[in-house]
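Here the structure is laid out as structure tokens; the discussion comes afterwards.
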Amino acid sequence: MFEPGMTNIGKKNCLTDVEGIIVGNFTSLDATSGVTVVLCLEGAVAGVDVRGSAPGTRETDCLRPLNLVEKVQGVVLTGGSVYGLSTTDGVVRWLAEKGCGFPLGQGMVAPIVPAAALFDLGRGKDYVPPANQEWGVLACESATSQAVELGCTGAGTGAMAGSIKGGLGSASEILDSGITVAALMAVNALGSVINEATGLPWEISSELNGEFGPLGKRAARLPEKTRPQSPSNTTIGVIATDAVLTKAQAQKVAQMAQDGLARAIRPAHTMYDGDAIFCLSTGKVDLPQTDGFFVARGAEALNQIGRAAADCTSRAIIRAVIEARSLGTMIALRDLGPLWE
């Protein structure tokens, strides 16, 4: 139950705590890759912030505040690097069949579906996973408003986080205003989520309601570091909120969410990462307004949403690593030995 004055997580502690958002995954263990779709069938105002120097993205320019399109109908997070972006075609066609998209003539629509890809090549049966439109369709067909599976699923299937297994993670928070903020992150970082000196997550103090469990508090010994194969990384994700935001405000929230990524993963935004975070606003709850000559209307509420977005991002990243399981030669946190023996 929501209690004003306290820090509250959503009922599902997941991106789907935001009304109007559904999430679906397609996972191929054979290919060691997959795709995650975030759908907003009624449309959502969107922004994006790209910080890594090796991004793989699609339709991000349309999210600039000066550009025409106001709403998107989905976001794709995919493995498969540049090949994985083809999964977005399936999502676009699936949405078009449901009449969801930017209205065109003769009853037709153009679904707006920005996407970002992470580099998981060489981790499955074939060097390049056979990502295609069908993966996107299957992910859409699995979409749910319930809590989604985390860890080795969807875009997190073939992900690494430094020297250990990465994955898909999510977290949510309900603000005192009643606004819900949530994050969904696919963690495939060059940097580490674990502090080598302590064996614990860098952002262990961000935990709410014991969500990291015993595994998150167990000091683990990291495997020996190996030289990265560039560009072989990228952490991508989606922030969602039910607050009413403009495109510029959504972009600002995505920008602030990157602070949570940089706190949870060290180093972040490197030359080998393509870190990108989208922000979706479903527009169900008005922003509380603040009066004052030097205070922009809604600015303080936006500060709180951005702060929560950063915290949810950090928590989602940690949960991705905690929920992951070993796959192939990728060793999960849960299978590491103790730091202190």
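The values are calculated or read from the model by the stated rules, or taken from the named source; none is laboratory data. Here the structure is a predicted model, which means the values were calculated and not measured. Glycine gets a Cβ as well: all are built from the backbone with ideal geometry, and neighbour counts include every protein chain shown.
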TODO: Please enumerate the residues belonging to region 7-35 that are closer than 16 Å to GLY84 by Cβ and either under 15 Å from the mean Cα position of the chain (by Cα) or of a type in the set (Lys, Arg) (or both).
DONE: GLY24, ASN25, GLY34, VAL35
- [ ] Give the residue, chosen from GLY34, GLY74, GLY47, that is touching a residue at least 12 places away in the same chain (Cβ under 8 Å) and touching a Ser or Thr at 6+ places or on another chain (Cβ under 6 Å).
- [x] GLY34
Task: Within region 174-226, tally of residues that are modelled with pLDDT under 95, of a type in the set (Val, Ile, Thr) and buried (at least 16 other Cβ atoms within 10 Å of the Cβ) - done: 0
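To keep it simple, each residue is scored yes or no on (1) within 26 Å of ASP61 (Cβ to Cβ); (2) out of contact with any helix residue (DSSP H, G or I) (no Cβ under 7 Å at 6 or more places or on another chain); (3) of a type in the set (D, E, K, R).
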| position | (1), (2), (3) |
| --- | --- |
| ARG266 | no, yes, yes |
| ASP275 | yes, no, yes |
| VAL285 | no, yes, no |
| GLU300 | no, yes, yes |
| ALA308 | no, yes, no |
| GLY328 | no, yes, no |
| PRO338 | no, yes, no |
- [ ] Look at ALA147 and say whether it is under 16 Å from the mean Cα position of the chain (by Cα) and crowded, with 24+ Cβ neighbours inside 10 Å.
- [x] no
Task: region 272-286 - residue that is farther than 21 Å from LEU85 by Cβ and in contact (Cβ under 8 Å) with a residue 60 or more places away in the chain and, of those, surrounded by the fewest Cβ atoms within 10 Å (Cβ to Cβ) - done: LYS284
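Out of the residues in region 46-81 meeting the condition of being small (Gly, Ala, Ser) and more than 27 Å from THR32 (Cα to Cα), tell me which one is surrounded by the most Cβ atoms within 10 Å (Cβ to Cβ). Outline the logic, then answer.
From region 46-81, those small (Gly, Ala, Ser) are 46-47, 52-54, 56, 74, 79-81; that's our starting set.
Narrowing further to those that are more than 27 Å from THR32 (Cα to Cα): 46-47.
Working: ALA46: 30, GLY47: 26.
Checking each candidate, the answer is ALA46.
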Task: Complete set of residues in region 303-341 that are more than 17 Å from CYS152 (Cα to Cα), aliphatic (A, V, I, L, M), touching a Leu at 6+ places or on another chain (Cβ under 9 Å) and modelled with pLDDT of 95 or more - done: ILE305, ALA308, ALA310
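Would you be able to say whether some residue in region 126-135 is part of a helix (DSSP H, G or I) and either of a type in the set (Ser, Thr, Tyr) or without any contact (Cβ under 8 Å) to a residue 24 or more places away in the chain (or both)?
No, region 126-135 contains no residue that is part of a helix (DSSP H, G or I) and either of a type in the set (Ser, Thr, Tyr) or without any contact (Cβ under 8 Å) to a residue 24 or more places away in the chain (or both).
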- [ ] May I ask you to list the residues in region 207-223 that are out of contact with any Asp or Glu (no Cβ under 9 Å at 6 or more places or on another chain), in a loop (DSSP other than H, G, I, E, B) and either acidic (Asp, Glu) or more than 14 Å from ALA320 (Cβ to Cβ) (or both)?
- [x] GLU207, ASN209, GLY210, GLU211, ARG218, ALA219, PRO223
Open item on the list: Name the single residue that is surrounded by the fewest Cβ atoms within 10 Å (Cβ to Cβ) among those in region 242-256 being of a type in the set (A, V, I, L, M, F, W, C) and over 16 Å from the mean Cα position of the chain (by Cα).
Closed with: ALA248
